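In what follows, a single structure is set out as structure tokens and then discussed.
The values are calculated or read from the model by the stated rules, or taken from the named source; none is laboratory data. Everything quoted here is computed from the prediction, not taken from an experiment. Using ideal geometry, Cβ is built from the backbone for each residue, glycine included, and neighbour counts are taken over all protein chains shown. What goes into the accessible areas is simple: the full protein's heavy atoms, side chains included, and nothing from ligands, DNA or RNA. Shrake-Rupley method; radii C 1.70, N 1.55, O 1.52, S 1.80 Å.
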Amino acid sequence: MRVLAAMSGGVDSAVAAARAVDAGHEVVGVHLALSASPGTLRTGSRGCCSKEDAGDARRAADVLGIPFYVWDFADRFKEDVIDDFVAAYAAGETPNPCLRCNEKIKFSALADRAQALGFDAVVTGHYARLEDGVLRRAVDADKDQSYVLAVLTAEQLSRAMFPVGDTPKPRIREEAAERGLAVANKPDSHDICFIPSGDTRAFLGAKIGIRPGALVDSDGTVLGTHEGVHGFTVGQRKGLGLSHTAADGKPRYVTGIDPDSGTVKVGSVEDLQVDVITADRAIWTSGVRPTEPVECVVQVRAHGGTAPAVVEPVGDGLVARLREPLSGVAKGQAIVLYLPDADGGDTVVGSGTIDGTDRAGAVAGTTDASA
């Protein structure tokens, strides 16, 4: 096939491109310029899309002997990822920008341009497995990125390739060194790529401004004030700025956010537990909407936060009734549905964007996904 390798300048995408070459595909490398004013250098593992990253990607392409280009997607990235991120926080939600980038940039804007230019697929260094159109968790559970890929449609998955998902990360670094790729020991990127400082609250504050409100306990007692709901997420414990402790003396966590009144509700760790999750924008990775409730395991954050559940499609969304409660479930995050496979790998069934939670008592019954 003729494939386009998205090369970030990191080790994973470089090895993914190399494996595509080894497989006999005609490979062209492309680096996405996602910042209108990229920095000259990264700061350790923070940030991405810097001039250094573009240079690293180009050098990897030279080693592999493939053509290489830089495509400017800065305007699209700002509109679909950064602006969406800011708007979601202003609305009291907690978005995942990596998920949105995959959905709107890498497997929409980039894939559409690739298809228009005659490419059959887009190759990336994501840690996930894709077999006959079925998206599954990566072999390396610590690096698994199937969660942030679960927003892809069946059509988008049909044009995707994830060559490194069957290999543990340490072996990928060894392979890169064996191939003579200078990025073999380059640190992984962490945090949010467009906030290299790592200070999300300051970034949002500069974009949204001061919107004061109250911090209230579960009984309505005012415990303090704040400068904007964008500084909080459900489940947060540190940095609440409480002026005095709660009556019971226990730690307080953010349990709810009302962007209209500017109220941030705090409570005990027990108050965080939910066992009903509703979501909109349901995406079924097979392309077929289930007609019956699905026994599965749901994940509500990029790392951790899983529980067996019964999930029912409702209109364009879904309702998940958990068999075990989860804590710190935030609006704006994705709920991803997994069906355990016989060999232990988890298959992605679908996803939705969380828009509500409730406490109704855990669903009784089997947790066997084959039931």
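The table for this structure:
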read-out	value
Meets criteria (within 21 Å of the chain's Cα centre (by Cα), under 27 Å from GLN145 (Cβ atoms), open to solvent by less than 60 Å² (accessible area, probe 1.4 Å) and without any contact (Cβ under 8 Å) to a residue 24 or more places away in the chain) for GLY317	no
Odd one out for GLN156 among (1) over 30 Å from ASP260 (Cβ atoms); (2) free of Cβ contacts under 8 Å to residues at least 60 places away in the same chain; (3) assigned to a helix (DSSP H, G or I); (4) open to solvent by 40 Å² or more (accessible area, probe 1.4 Å)	(4)
Test: residue in region 127-146 that is touching a helix residue (DSSP H, G or I) at 6+ places or on another chain (Cβ under 7 Å), among the β-branched types (Val, Ile, Thr) and outside any strand (DSSP E or B)	no
Residue identified as among the aliphatic types (A, V, I, L, M) and open to solvent by 30 Å² or more (accessible area, probe 1.4 Å) among VAL216, VAL269, VAL300, VAL274	VAL269
Lone qualifier among ILE195, ILE210 - being of a type in the set (A, V, I, L, M, F, W, C), over 30 Å from GLY10 (Cβ atoms) and surrounded by fewer than 19 Cβ atoms within 10 Å (Cβ to Cβ)	ILE210
From the options ASP271, ASP368, residue that is assigned to a loop (DSSP other than H, G, I, E, B) and either at pLDDT below 95 or within 23 Å of the chain's Cα centre (by Cα) (or both)	ASP368
Top-ranked residue in region 59-90 [being in a loop (DSSP other than H, G, I, E, B) and modelled with pLDDT of 95 or more; ranked as surrounded by the fewest Cβ atoms within 10 Å (Cβ to Cβ)]	GLY65
